[in-house]
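What follows is calculated from the coordinates using simple rules that are stated; it is not laboratory data. Only a predicted model underlies this, so the values are computations on that prediction, with no experimental measurement involved. Using ideal geometry, Cβ is built from the backbone for each residue, glycine included, and neighbour counts are taken over all protein chains shown.
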């Protein structure tokens, strides 16, 4: 998974065997502030593959208004990518 610099903040899934899967997609939909320290985890199971990108966000636009928050998004990965 890679990410573009702000303000776009898009990501794209890559396969070790197939290279890029699908197109880049917007992961974060909050506006304002900064997003940084992106990381991602993936898992595979009977329901399919899941990616979970997470990042630090200081926009105070989400549920956590205290300053910096850890935000993330669950992304089911379709076989053809996004």
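Points to keep in mind about this one:
- Looking only at region 6-46, and only at residues there that are in a loop (DSSP other than H, G, I, E, B) and touching a strand residue (DSSP E or B) at 6+ places or on another chain (Cβ under 8 Å), the one that is surrounded by the most Cβ atoms within 10 Å (Cβ to Cβ): 27
- Subset of region 50-61 [buried (at least 16 other Cβ atoms within 10 Å of the Cβ) and not in a loop (DSSP other than H, G, I, E, B)]: 51, 53, 55, 57
- Looking across region 62-80 at every residue that is surrounded by 10 or more Cβ atoms within 10 Å (Cβ to Cβ) and over 25 Å from residue 31 (Cβ atoms), the one that is farthest from the chain's Cα centre (by Cα) is identified as 78.
- Restricting attention to region 62-78, the residues that are in contact with a strand residue (DSSP E or B) (Cβ under 9 Å, 6 or more places away or on another chain) and assigned to a loop (DSSP other than H, G, I, E, B) total 7.
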